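Since every read-out is calculated from the coordinates, none of them should be taken as a lab result. Just so you know, these numbers come straight off a predicted model, no measurement behind them. Here Cβ is always computed from backbone atoms with ideal geometry, including for glycine, and neighbour counts include all displayed protein chains.
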Amino acid sequence: MKLRRIGIIILILFAVLGVAAFALAWRSEIPAVTENALPDADHSLASKGFVLAELGNCASCHTANDGQPYAGGRAMPTPFGTIRATNITPDRETGIGTWTEEAFARSMREGIDREGAHLYPAFPYTHFTKASDEDIRALYAFLRSLPAVTHDVAANDLAFPFNIRALVAGWNLLFLDKEELEPVSDQSEQWNRGRYLAEGLSHCGACHTPRNIMGAEKSSERYQAR
């Protein structure tokens, strides 16, 4: 009888943990934009977004060798397997043509796609979360102004359990910092602007900071990659 009671308690604990894990990982789907529902892109805003995309070097990751710009497919080797960059042109079937600005902002700030799936942090949303609303809006306008390219990117090649996207929720809980960058009062406006770009959209630390065993940047060794 005592063993049975212990077993029931263990089952209850596992059930509670399961519910908690589901609540942590679950994100709702953001409704798709219906065809032709979006207005024409604001050209001045898109021009600003182009500059920001250049500063963020977006095309470098989201363009495969000999591929169409921003159509994805570039393979990025990681210690956990190979991740392939997504198509971020406004193609409705294989790109982000059905994404609202809200969905795009969520991907940049939280690493969650329009359908509610977790994005792997090879996409440096850990830096993009520092971007301002205005800059995210400009990037969205620029990407929406691109030619739509139909390119179905091959699946990632990740070993178990790293191929389970929901586990990224736990990674985010440990390592995703959503705090906004506060200006440093004793530094110049130019210095603070440079810091904003380096820490945010340019995500310099993504390449120039050593990473721990879980693939997160070591904040105590920022810009000290060896």
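The single condition among (1) in contact with a Pro (Cβ under 9 Å, 6 or more places away or on another chain); (2) over 24 Å from residue 35 (Cα atoms) that residue 78 does not satisfy is (1). Checking each residue in segment 45-81 for being of a type in the set (A, V, I, L, M, F, W, C) and under 21 Å from residue 217 (Cα atoms) picks out 55, 58, 61, 75, 76, 80. Looking only at segment 199-213, filter to residues that are in contact (Cβ under 8 Å) with a residue 60 or more places away in the chain and assigned to a helix (DSSP H, G or I); which one of those is surrounded by the fewest Cβ atoms within 10 Å (Cβ to Cβ)? Only one residue fits best here, namely 199. Being of a type in the set (S, T, N, Q), assigned to a helix (DSSP H, G or I) and farther than 24 Å from residue 46 by Cβ is a property that residue 163 lacks. So, in segment 149-158, of the ones that are of a type outside the set (D, E, K, R) and within 20 Å of the chain's Cα centre (by Cα), which residue ends up surrounded by the fewest Cβ atoms within 10 Å (Cβ to Cβ)? Of everything passing the filter in segment 149-158, 155 is surrounded by the fewest Cβ atoms within 10 Å (Cβ to Cβ). Collect the residues in segment 67-115 that are charged (D, E, K, R) and either over 16 Å from residue 140 (Cα atoms) or part of a loop (DSSP other than H, G, I, E, B) (or both), keeping them in residue-number order. Listed by number, the residues that qualify are 74, 84, 91, 92, 93, 113, 114, 115. Among the residues of segment 77-89, just one is crowded, with 22+ Cβ neighbours inside 10 Å and without any contact (Cβ under 8 Å) to a residue 60 or more places away in the chain, namely 88.
Looking across segment 166-198, just one residue is in a loop (DSSP other than H, G, I, E, B) and of a type in the set (Val, Ile, Thr), and that is 184.
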